Amino acid sequence: MLITRRRMLAGLMAPLLCAPLAAHGQNVPAGFPGQPMTLVVPFTPGGPVDVLGRILAQEFQTRSGQPATVDNRTGGAGNIGIDAVRKSRPDGTTLLLIPAGNLTINPTLMKNLAFDVERDFAPITLLATAPNIVVASRQFGAATMSDVLARAKRGRVTYGSPGVGSQLHLTMELVKASSGADFVHVPYRGSSQALNDLVGGHVDLLATNLTATLGAIKAGGVTPIALTTATRNALVPNVPTLAEAGFAAIDVASWYGLLAPRAIPDPVRDAIFAVTRDVLMSSAIRELLDAQGLTVSIEEPTTFAARIRRETELWADVMKKNNISAP
């Protein structure tokens, strides 16, 4: 699966990678780093955050005339790469690309982290979002959220997620709290095994990323129940949202952001934000990301910082009420 995704990404990015470099400083505002840049992605190549990192690195290099590379600094569930950026010079030459959970969930879920998100990092911008979905096994026999809740009233219903404390686990705990349903969590180490068990009927439901399960949905191997976002998605236009099923307060998407060390000067941060916004708003880049199931979602630094604080508080409350901690 990972090899296929990498090959697909290479094909999609080929036209961009062949573009000639712009003259140094030709397409960047004052304050943008005039030195080589490193974009730290604390996960292995091939995932959504890596896709975003490679697009930005290529475009930063093209526009500034300076080398820009992706450093897949893995380990510690992303914490090694995060801490490396924390310790780097706050001059804009080292940036962090990171999923939501590392910023808004792990600081509560995991104890004794070396970093504090608000103290150590300057949010630059939200980059993109990806839809999440609840799907059911064919054996379970449910077609709607109403069916799921009716089954839960007759007995326990199991649901899988990519792991304890994952955004998808906590989203389902919100559904459970709002409905009073007897949902039992079955944690997995990632989505692949969880999807296999769902297809095999070993769990009733699965909360997962839409792109990870789209093939199984189209093949009829699983039944789509509801998207966790506030609006429907063009990839599955007939699938309703949880809000449509009566859970109006639930609007959760996977998202990916760009941050810098806290002491970065405002003019440098603002210049990086301006270039990033310009890159991601181009039609070619938006089409490329759409093909990866990613929707460009730019936010100003202050708006992005508010999002991080708001979601951190939300998930901390969910974990406290349900006594959820790292295994």
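The values are calculated or read from the model by the stated rules, or taken from the named source; none is laboratory data. All values derive from a computational prediction rather than experimental measurement. Positions of Cβ are backbone-derived with ideal geometry, glycine not excepted, and every protein chain shown enters the neighbour counts.
Specify the residue that is modelled with the highest pLDDT; the eligible residues are those in region 270-296 that are part of a loop (DSSP other than H, G, I, E, B) and within 21 Å of Gly47 (Cα to Cα). Walk me through it before giving the result.
To start, the set of residues in region 270-296 that are part of a loop (DSSP other than H, G, I, E, B) comprises 281-282, 292-294.
Then keep just the ones that are within 21 Å of Gly47 (Cα to Cα); that gives 281, 292-294.
Working: Met281: 96, Gln292: 83, Gly293: 86, Leu294: 93.
Step by step, filter region 270-296, then rank; the result is Met281.
Looking at Glu118, Glu173 in this structure, which one is assigned to a helix (DSSP H, G or I), under 30 Å from Thr276 (Cα atoms) and touching a Lys or Arg at 6+ places or on another chain (Cβ under 9 Å)?
Details: Glu173 fails: under 30 Å from Thr276 (Cα atoms).
Within the list Glu118, Glu173, the selection yields Glu118.
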Can you tell me how many residues in region 225-275 are without any contact (Cβ under 8 Å) to a residue 12 or more places away in the chain and within 15 Å of Met145 (Cβ to Cβ)?
3
Please list, ordered by first then second residue, the pairs with beta carbon atoms under 9 Å, 6 or more apart or interchain, first in region 61-85 and among the hydroxyl-bearing types (Ser, Thr, Tyr), second at pLDDT below 95 and assigned to a helix (DSSP H, G or I).
Thr62/Leu16
Within region 224-241, is there a residue that is surrounded by fewer than 16 Cβ atoms within 10 Å (Cβ to Cβ), closer than 14 Å to Leu174 by Cα and out of contact with any helix residue (DSSP H, G or I) (no Cβ under 6 Å at 6 or more places or on another chain)?
no
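Taking region 27-71, which residues are part of a loop (DSSP other than H, G, I, E, B), aliphatic (A, V, I, L, M) and under 15 Å from Gly81 (Cα atoms)?
Filtering region 27-71 for residues part of a loop (DSSP other than H, G, I, E, B) gives 27-36, 41-47, 65-67.
Filter once more, keeping what is aliphatic (A, V, I, L, M): 28, 30, 41.
Listed by number, the list holds a single entry, Val41.
So that you can scan it fast, the table gives a plain yes or no per residue for (1) over 26 Å from Leu168 (Cα atoms); (2) crowded, with 17+ Cβ neighbours inside 10 Å; (3) assigned by TED's automatic domain parsing to the domain that holds Asp317:
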site: Pro67; (1), (2), (3): yes, no, yes
site: Ile82; (1), (2), (3): no, yes, yes
site: Lys87; (1), (2), (3): yes, no, yes
site: Leu96; (1), (2), (3): no, yes, yes
site: Ala114; (1), (2), (3): no, no, yes
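Among the residues of region 123-156, which ones are crowded, with 20+ Cβ neighbours inside 10 Å and either over 30 Å from Asp204 (Cβ atoms) or out of contact with any strand residue (DSSP E or B) (no Cβ under 8 Å at 6 or more places or on another chain) (or both)?
Here is the first cut: in region 123-156, the residues crowded, with 20+ Cβ neighbours inside 10 Å are 123-128, 130-137, 140, 142, 145, 148, 152.
Within region 123-156, Pro123, Ile124, Thr125, Leu126, Leu127, Ala128 qualify.
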For the structure I just gave you, tell me whether Gly293 is closer than 25 Å to Pro107 by Cα, within 18 Å of the chain's Cα centre (by Cα), in contact (Cβ under 8 Å) with a residue 12 or more places away in the chain and buried (at least 16 other Cβ atoms within 10 Å of the Cβ).
no
Positions within region 297-327 being outside any loop (DSSP other than H, G, I, E, B) and over 30 Å from Ser178 (Cβ atoms), in sequence order:
Pro301, Thr302
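Residue-wise test of (1) in a loop (DSSP other than H, G, I, E, B); (2) in contact with a His (Cβ under 6 Å, 6 or more places away or on another chain); (3) at pLDDT 95 or above.
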| residue | (1), (2), (3) |
| --- | --- |
| Val186 | no, no, yes |
| Asp197 | no, no, yes |
| His202 | yes, no, yes |
| Leu206 | no, no, yes |
| Thr213 | no, no, no |
| Gly220 | yes, no, yes |
| Ala226 | no, no, yes |
| Ala230 | yes, no, no |
| Leu235 | yes, no, no |
